[in-house]
Amino acid sequence: MAILLDGKKTASELNETTRKRILKLKQCGIVPGLAVVIVGEDQASQRYVRNKHKLALKLGMNSVIKEVPASITEAQLLALITELNQDTTIQAILVQDPLPKHINEQRIMQSISSTKDVDGFTAVNVGQLYLNLTGNYPVACTPKGIMTLLEKYDIFLRGKKAVVIGRSAIVGKPMAALLVNAGASVSILHRYTTEIAEYTRDADLIISATGVLRLLGAEAVKPGAVIVDVGQNLDETGHLVGDVDFNAVKDKVAAITPVPGGVGPMTIATLMQQTVDLTEWGLANGK
Ligand code: NAD
C-alpha cells in the first residue's frame with residue numbers, strides 16, 4: 001500500500017503555525033483581515049466560503065464575507081473590490097469562483113490589488129511566479145498547498161519527470177510553474193491531449209486536476225510514482241472521489257493523496273497562511 005500524503009494532518013500543523021503567527025501580530029495590535037466575496041447562491045460555493053470563514057475565525061482573524069446577489073452588475077462588483085482594496089482592516093481579498101456569466105471574471109480578478117491578491121491571480125503575481133522572482137508574493141493556494149505537502153513528505157523534485165493534468169489558471173498552470181521552478185521537468189496535459197497515458201506512464205509525479213472521474217487507472221501509472229489528486233468528483237454512490245482510481249493504483253504507486261483529506265485541507269490552510277503573509281509583508285512595506 002502506498003504512503004498516504006495526509007493533507008488533513010499537514011494542514012492542521014500549518015494552521016497551528018498560522019494561529020501562533022496571528023497571536024503574535026495581535027500582541028502588536030494587528031489583526032489580519034480576510035474578505036471573501038461571494039456572488040449568487042451556488043451551494044458548493046456557499047459551503048466553501050462558510051468553511052473558510054469558520055477556520056479564519058478559529059485562527060483569530062478578522063473574517064468578512066461580502067455576499068452579493070447574482071444580479072449585481074460588473075461595475076457594482078468592481079466598486080466593491082475597490083472599496084476592499086482601500087479598506088485598511090482587510091489584507092487579503094478572495095473572490096469565490098464561479099461568477100455569473102454576465103460578469104467578466106478576469107476583469108474582476110485583475111482589479112484586486114496585487115498586495116491583497118491572496119490567490120495569486122493578478123498578472124503581477126502570476127508574472128513573479130513565472131519569473132521565479134525571489135521575494136514576497138502570493139501564489140494560487142491549491143498548488144502552493146501541494147508544494148507544502150510534497151515538502152512535508154520529502155518528495156524530491158529536482159530532475160524528476162512531472163505531469164500536470166489540467167491547465168486552469170487556478171491549479172494547472174501555477175502548479176506547473178512551481179514544479180519547473182523546483183527543478184522538475186514538466187508536461188502540462190489538458191482536454192485536447194490525445195494520449196494521456198503516454199505521458200503519465202513515464203512520470204515520477206502526477207498531479208491531476210481535471211474533475212474527470214477515473215481519468216487514471218493502474219495501467220496509466222508507473223510503479224513507484226507519486227500521485228497528487230486535486231479532482232473533486234462524485235462517484236455513482238454519491239461519494240466524493242478524485243480523478244484517479246484510488247483503489248486500482250494504491251498498491252502500485254509509492255505515495256498518493258486521499259480524496260477527501262488530501263489537497264482540499266491544504267488549499268484552505270494555505271489561504272490562511274497567505275493572509276498572514278500578506279499582513280506581515282504589508283507591515284514590512286509600511287502599509
Ligand atoms: P477547470 O474546469 O478550470 O479545468 C479543468 C482542466 O481539466 C482543464 O484545463 C481541461 O483542459 C482539463 N481536462 C478536462 N477534461 C480532461 C480530460 N479528459 N483529459 C485531460 N484533461 C482534461 O477546473 P479547475 O478549477 O482547475 O479544477 C479541476 C478539478 O480540481 C475540479 O474537480 C475541482 O473541483 C478540483 N479542485 C480542487 C481543489 C481543492 O482544493 N481540492 C481546488 C481547486 C480545484
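Below is a table of values for the structure above.
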item	result
Flag if Val259 is closer than 21 Å to Ala11 by Cβ and within 11 Å of the ligand (Cβ to nearest atom)	yes
Where a residue in segment 263-284 is among the acidic types (Asp, Glu) and its partner, wherever it lies, is open to solvent by less than 20 Å² (accessible area, probe 1.4 Å), with Cβ under 8 Å and at least six apart	Asp277/Pro138; Glu280/Leu25
Filter result (at pLDDT below 95 and either in contact with a helix residue (DSSP H, G or I) (Cβ under 9 Å, 6 or more places away or on another chain) or assigned to a loop (DSSP other than H, G, I, E, B) (or both)) within segment 249-287	Leu283, Asn285, Gly286, Lys287
Tabulated pairs, segment 222-249, first surrounded by fewer than 21 Cβ atoms within 10 Å (Cβ to Cβ), second assigned to a strand (DSSP E or B), C-beta under 6 angstrom, 6+ apart or interchain	Asn233/Val241; Asp235/Val241
Unique match (being within 10 Å of the ligand (Cβ to nearest atom) and on the phi > 0 side of the Ramachandran plot) among Gly211, Gly183	Gly211
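The values are calculated or read from the model by the stated rules, or taken from the named source; none is laboratory data. Computed from a prediction, not measured in an experiment: that's the story for all the values here. Positions of Cβ are backbone-derived with ideal geometry, glycine not excepted, and every protein chain shown enters the neighbour counts. Note: areas computed on protein heavy atoms with side chains; ligands, DNA, RNA excluded. Shrake-Rupley method; radii C 1.70, N 1.55, O 1.52, S 1.80 Å.
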